[in-house]
Each structure stands twice: as C-alpha cells, then as structure tokens.
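Okay, structure first, notes after.
Just so you know, all these numbers are worked out from the coordinates, no wet-lab data involved. These numbers come from a predicted model, not from an experiment. Cβ sites come from the backbone with ideal geometry, for glycine too, and all protein chains shown count toward neighbours.
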Amino acid sequence: MTQDIITKTFQEESGRVIALLYAHLRDLELVEDAVQDAFVIAVERWEQDGVPRNPAGWIFTIARRKAVDRIRRNETLKNKKAILKALIEFEHEADTMDIDDIPDERLKLMFTCCHPALSKEAQVALTLQTLGGLTTHEIANAFLVPLSTMAQRLVRAKRKIRDAGIPFQVPSLERIAERIDSVLSVLYLIFNTGYTAPIGNHLIRHDLCMEATRLTRILKSLLEQDMSLTEEAEVIGLLALILLHDSRSQARVDTDGNLIPLEEQDRSLWDYDKIDEGLTLVDYALRMRRAGPYQIQAAIAALHAQAQQPNDTDWAQIAVLYGLLQRMHPSPIVQLNRAVAVAMSDGYEAGMTLLDELQAQGDLDDYYLLHAARADLLRRLQQWDNSRTAYIRALELCQNDTERAFLRRRLTQVDSNIKP
C-alpha cells in the first residue's frame, strides 16, 4: 500500500518538485539526484512513520535539503556560494508555505526540455524523465535502446542545458507559437511511439499513450493558468487528436494480439467517453478560428469516430481535410493519407493513381506504409501479382511484429488467388 502511494506520488508530483528546485539551481543532474534521494528516503520513512499528510510537500522538503547537502559536497560546482545562499533563503520562505501555494514551474521546464538546441531524441527523453516521472530504464525500454545509451543521452542533454545556458522560461509572446510547436511535436511523438510501436512485439504501448495524454493535459492546464498567455488552439487540437485516436485502442487488436484494421474493428469496444471529450475539444478549438495541423488531424479523427459503421465514414470530407492539411503542412505522409481517402471516396483506381505518383517521387521508398497501402488497393482491385510484390516489400521494411503478422496474413490471402 505504502509503495503504491510512493509510486503514485513519484509519477504525479516528481515533475513539479523537479521544476521548482530547478528554478533555483539550474542543474538538472543535481536536482534529479536530490529528488531521487528524497524518494529513496520515503520508501523507508513512510513505511515506519506512515504517509505524511502532504506527500508532495514532504518530498519537496527532503529533496531541497538533499540538494543543499550535494552542493556543499561538490567542490567543482560553479557559483556554489551564490546557489547555496539562494536555496537556503528559499528554504526559510518555503517552510511556511504549502507546496500548492508555490508557483508551478512545470511549464518553464517543459519549454527547457523541448528547446530546439537539443536533438528531438533528447527532448523526448528529458520530457518523459523530468515531467513524466519515468526512469531511465523505462525510457530505454520504451524506445528499445540500451540502458547505457539512454543514460548517456540524458546526461549529455542535461549538461548541454546547463553549459549552454538554455533559458528556464516561457518564451516571449512573439515566440510562443513557434516554441509550442516544438513541445507539441515531442508530445505527439511520444503518443505515436506508443500508439503504433515502430519496433517490437506489441502494437500498442499503453503506458506511453497514457503519458502523452497526461503531459498534454498538463500543458493545456498550465497555459490556461498563465494570465499572460492566450489559449492555444493547437494544444487543444492535439489533446483532442490523442483522445480520439486512443479511444480505438481496445479494438485495434484481438484477444490473441492480432491487428484489426479500422474498417473491421468492433466499434462497441471504442471508448466513447474519450470520443465525447475529443469531439467537444475539436469543436471548441475550431471555433477559435486559428486552425492548425493538429486541429485538422483531430477533425479527421472525429469523422472516423462519428461513423457508426465503416460505410458511414465521410471519406470525401476526409480527403478534403487532408488536402487542406497538405497545403498547410506539406508532407509525403499527408499525401499518402490523402491518396487512401481518395481511394475510399472516389474509387480505388483514383487512389492508385495518386499512390503511383507518390511512389515515383521516391520520398517514401523505405516507408513500409506506402507499400502496404499500395498492396491493399491492388488487392481490392484484384491485381494479385502486383499486390503480392507490394506486400513483400512492405514486409521487408516493417519492424513491428504485430504489423508484420497482419501483412503476412494479407499476403497469404493474395497468394490464394494467384493461379499456379
């Protein structure tokens, strides 16, 4: 029971404690070590003395003291006296306050972790560790890299933030939009990595989907609390998009773990609470009349969610929205999705024409979903030999075991129609 409370406190509150201490120390390595020390002590003390009335405040107090101890022992730390003076002054001030009365600094930390000076891989890892409460081991497992590789990646990123003086602040009003784009791209990447794992035995990593949802909610809430900022339609759009996609998670695989394509899913398994919230958010964001790529994608997801049966899907409107998305955010991936929507609305031949044009461009030669989409349309057109070739190419490129099993099943169906 106590261990469960400690785990829950770590997941929910460590980000806030780290952000608050970092505001005074500006050294992520030192701060995270101090917070880890506090949770190690909590394991022993809470078991003996009981869980404190304010677990997050207790962790914050112990972490602050541990940070002071670490600074005093660190002979090479620059500005040691100044940092200690500021931290001890803050200790006297904070002792009379509840942690909930202290400003929440997580929004600043989110922008720090997602600073464009860091690589995208580092941004994702830092966000998951500092704000998501995931351990280095959990992040390494999530992205299927060795623990040592992830540990080095995190250490380098933290030292770059410190040594380069990356600011701990919410960007100016003039730059907020472009910097929020970076934060949103990190959160969406975390979600997509969970929703369709690029490599491995499982199609879905529910832990990463949940973490992306939680962090996006935090971002939305923190932006709303900052009186100097206006509501960001794209943040609302991303949350809607994540909820609408995630609503289908339970229907995407059967009890044996086999992938089930959208048109064959049991829609009674969809999470309609998430759908209702997602639809409300889409409507609210679009009425702000500041449309962006995440809102357009959320509107597409909404059309899928509103279809009671596969044949009810408004593919024509989806194709229009992908066309708008392509003009707004040009990408061969968007072209691919539009081609599929055109195939479903205007006929398979029309879709194949667009896919052939896209393949001729060469941008997606090594992208298995292009070849999987071609294989599927060729199967529907009963062009069995060409479909077989496309399925084989998709299998060569796909690295997720669940998706590979699905492609093999489709290939077997195609082979059964090829005359010997």
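Structural remarks
- For segment 314-356, the relative contact order comes to 39 percent (Cα pairs under 8 Å, sequence separation of at least 6).
- Set of aspartates and glutamates near Lys220 by C-alpha distance (under 15 Å), chain-local residues within fewer than 8 positions excluded: Asp104, Glu105, Asp181, Glu211, Glu231, Glu232, Glu234, Glu277
- Residue among Glu13, Glu224, Glu174 with the largest mean-square fluctuation in a Gaussian network model of the chain, springs linking Cα atoms under 10 Å: Glu174
- Net +/- balance of residues flanking Pro261 in space, Cβ distance below 15 Å, scoring K and R +1, D and E -1: +3
- Inter-centroid distance (Cα atoms) of segment 176-223 relative to segment 355-420, Å: 29
- Using alpha-carbon coordinates, inclination of helix 80-94 to the longest axis of the chain, degrees: 90
- Taking the chain and dividing mean pair separation by its residue count, relative contact order in percent (alpha carbons under 8 Å, at least six apart): 11
- The length gained by stretching the chain between Asn258 and Asn386 to full extension, at 0.36 nm per residue less their Cα-Cα distance, is 43.6 nm.
- Structure remark: mean-square fluctuation, Gaussian network model of the chain, C-alpha springs under 10 Å; the largest value among Gln48, Gln382, Gln335 belongs to Gln48.
- Gyration tensor verdict on the chain (Cα atoms; rounded if a/c is under 1.5, prolate if a/b is larger than b/c, oblate otherwise): prolate
- Stretching the chain fully between Ser221 and Met328 yields a gain of 35.8 nm (0.36 nm per residue, less the alpha carbon separation).
- Qualifying trypsin sites (Lys or Arg not before Pro) in segment 148-224, where qualification requires a DSSP coil assignment and no more than 15 other C-beta atoms within 10 Å, comprise Arg175.
- Gained length - Ala360 relative to Arg290, 0.36 nm times residue gap less alpha-carbon distance: 21.7 nm
- Over the chain, dividing the summed -39,500 (n - 2.57) contributions of all DSSP H runs of at least 4 residues by the number of residues returns a 222 nm mean residue ellipticity of -22500 deg cm²/dmol.
- Simple Cβ-charge dipole of the chain, Lys/Arg +1 and Asp/Glu -1, about Cα centre, in debye nearest 20: 1160
- Tilt relative to the chain, helix 206-225 - C-alpha long axis, 0 to 90 degrees, to 10: 60
- In terms of Cα atoms, the Rg and Dmax of segment 338-420 work out to 12.3, 36 Å.
- Angle between the chain longest axis and helix 176-195 axis [Cα atoms, degrees, rounded to 10]: 70
- DSSP-loop trypsin sites (Lys or Arg not before Pro) across segment 245-293, with at most 13 other Cβ within 10 angstrom: Arg287, Arg289
- Segment 249-276 and segment 1-78 have their alpha-carbon centroids 40 Å apart.
- Between the C-alpha center of segment 112-138 and that of segment 143-160 there is a gap of 9 Å.
- Summed residue charge, Cβ within 14 Å of Gln317's Cβ, Lys/Arg positive, Asp/Glu negative: -2
- For Val145, the shell of other residues with beta-carbons less than 15 Å away shows a net charge of +2, using +1 for Lys and Arg and -1 for Asp and Glu.
- Eligible aspartates and glutamates near Lys108 by straight Cα distance, threshold 12 Å, same-chain separation 8 or greater: Asp226
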